[in-house]
């Protein structure tokens, strides 16, 4: 039985030491980088829901909420974010609340620089008492005993809370933006064992984009072509998203490819998914939808769905200070 738990904890460490990632990083960049706090020039809130692999018995559901505000007097942005993730089979749950602060600097007539810091409190919860162990199965009686006497199980905590510190930056001009975010700089201990030590690996993201205006060349309408990329790395795992979006007035649609640059196994797929995306703006609302079509050998997953909604407050909102299309 003890060997079973050692294997079980190893799987837990591999599966849940990786941070949730979102396909719509271009649409709600607040989920990616604290430097976007207050980046809209006023007050804004939004929510993003991700449903991953609904076709399997094993699925992950992630939600992200944010509210931010630009403080003109101090050239600063402040933001509250809430991240939640649920694993449907094991009932693993992860929740994190962050407070982000960014300071907005104008380097010259064209370029801007936003450094940022993030402080968060997180809780990882695992309902170990929902596990059915060998000594609970009474075959002769045909019942399952509620309690287990396995001593190894009693050593595990149901949940683990920790402080998390991160940072980020954003550089942009009228058509180009580039940024980076760095999470878990304090490498918090996330072990479920009271005396154990499992350090959460730093999470690094490098991202950016280019906006190619087309209105003056072809039409009086708002036409533009956006190119975006996002590279993520944590421990031995990395991911690279690359794609483009076409903008026509209040509509945007496009496709991204998700790649695995570093192969964990020799037969791993480099192209793991094709992500089809669309956005629609209506007054102060922005609606987003994306579908990730699986390209790997993992069958019958039914892909990954994301739905996002954001709202910009009229009474507090100023002109958008980030003109390159990343906010």
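In table form, for the structure just shown:
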read-out	value
Test: residue in the stretch 136-152 that is within 29 Å of the chain's Cα centre (by Cα), over 29 Å from residue 27 (Cα atoms), assigned to a loop (DSSP other than H, G, I, E, B) and modelled with pLDDT under 90	no
Residue among 6, 47 that is modelled with pLDDT of 90 or more, more than 20 Å from residue 234 (Cβ to Cβ) and surrounded by fewer than 19 Cβ atoms within 10 Å (Cβ to Cβ)	47
Sole residue being touching a strand residue (DSSP E or B) at 6+ places or on another chain (Cβ under 6 Å), surrounded by 12 or more Cβ atoms within 10 Å (Cβ to Cβ) and at pLDDT 90 or above, chosen from 286, 296	286
Residue check, residue 186 assigned to a loop (DSSP other than H, G, I, E, B), under 30 Å from residue 124 (Cβ atoms) and either touching a helix residue (DSSP H, G or I) at 6+ places or on another chain (Cβ under 6 Å) or modelled with pLDDT of 90 or more (or both)	yes
Any hit, the stretch 65-73, residues being more than 17 Å from residue 123 (Cα to Cα), under 11 Å from the mean Cα position of the chain (by Cα), free of Cβ contacts under 8 Å to residues at least 60 places away in the same chain and not in a loop (DSSP other than H, G, I, E, B)	no
The one condition in (1) under 22 Å from residue 288 (Cα atoms); (2) at pLDDT 90 or above that residue 54 fails to fulfil	(2)
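Yes/no per residue for (1) within 17 Å of residue 168 (Cα to Cα); (2) without any contact (Cβ under 8 Å) to a residue 60 or more places away in the chain:
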{"residue": "77", "(1), (2)": "yes, yes"}
{"residue": "80", "(1), (2)": "yes, yes"}
{"residue": "88", "(1), (2)": "no, yes"}
{"residue": "100", "(1), (2)": "yes, no"}
{"residue": "103", "(1), (2)": "yes, yes"}
{"residue": "113", "(1), (2)": "yes, yes"}
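For (1) assigned to a strand (DSSP E or B); (2) at negative phi; (3) under 20 Å from the mean Cα position of the chain (by Cα), each residue gets a yes or a no:
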position: 80; (1), (2), (3): yes, yes, yes
position: 83; (1), (2), (3): yes, yes, yes
position: 96; (1), (2), (3): yes, yes, yes
position: 99; (1), (2), (3): yes, yes, yes
position: 102; (1), (2), (3): yes, yes, yes
position: 108; (1), (2), (3): no, yes, no
position: 113; (1), (2), (3): yes, yes, no
position: 120; (1), (2), (3): yes, yes, yes
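The values are calculated or read from the model by the stated rules, or taken from the named source; none is laboratory data. As the structure is a computational prediction, the values presented were derived from the model and not from experiment. Cβ sites come from the backbone with ideal geometry, for glycine too, and all protein chains shown count toward neighbours.
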